[in-house]
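One structure below.
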């Protein structure tokens with residue numbers, strides 16, 4: 001039952017979200033949406049890490065038993081959360097911009113892909129996939145202002 005549910009979820013994502021026109025073969029737009037969603041999910045995970053870092057630093061100071069740690073932990077928790085959250089913003093912007101077909105998001109996604117290259121092996125694969133999809137003339141029409149997307 002669990003395998004069938006996962007298979008149905010994958011089929012739904014592939015057919016309805018990535019390729020809403022119902023074509024059997026995924027086009028460049030579907031691949032661009034995959035990259036956009038990967039950036040959005042990674043950005044969301046980094047934001048989750050910021051929240052967890054905030055809570056961990058705050059609780060560590062509260063339960064330390066030291067008055068100085070008790071007083072400094074809220075400030076340190078805010079600083080930790082802001083520093084971590086700053087790393088999530090470019091990925092979220094790239095994902096949202098790619099979904100909307102913004103040309104600046106294409107460049108930002110490729111820059112972020114280069115930064116992911118060092119995260120072997122998944123980051124390297126993501127970098128290669130991003131360049132394969134975003135680089136080249138096949139992706140150019142998607143980023144034209146006159147391009148009609150499925151949600152417009």
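For segment 97-152, name all the residues that are at positive phi and in contact with a helix residue (DSSP H, G or I) (Cβ under 6 Å, 6 or more places away or on another chain).
Across segment 97-152, the qualifying residue is only 101.
Residue 109 versus (1) more than 21 Å from the chain's Cα centre (by Cα); (2) modelled with pLDDT of 95 or more: which is the lone unmet condition?
Failed condition: (1).
Working carefully through the options 77, 72, 81, 56, find the one that is surrounded by 18 or more Cβ atoms within 10 Å (Cβ to Cβ), more than 23 Å from residue 104 (Cα to Cα), modelled with pLDDT of 85 or more and more than 19 Å from the chain's Cα centre (by Cα).
Answer to the check: 77.
Given the criteria at pLDDT 90 or above, more than 11 Å from residue 32 (Cβ to Cβ), crowded, with 16+ Cβ neighbours inside 10 Å and under 19 Å from the mean Cα position of the chain (by Cα), does residue 87 qualify? It would help to see each step written out before you state the result.
On the way: at pLDDT 90 or above: yes; more than 11 Å from residue 32 (Cβ to Cβ): yes; crowded, with 16+ Cβ neighbours inside 10 Å: no; under 19 Å from the mean Cα position of the chain (by Cα): yes.
Against the criterion (at pLDDT 90 or above, more than 11 Å from residue 32 (Cβ to Cβ), crowded, with 16+ Cβ neighbours inside 10 Å and under 19 Å from the mean Cα position of the chain (by Cα)), residue 87 does not qualify.
The values are calculated or read from the model by the stated rules, or taken from the named source; none is laboratory data. Keep in mind it's a predicted model, so treat the numbers as computed, not measured. Note: ideal-geometry Cβ built from the backbone for every residue, glycine included; neighbour counts use all protein chains shown.
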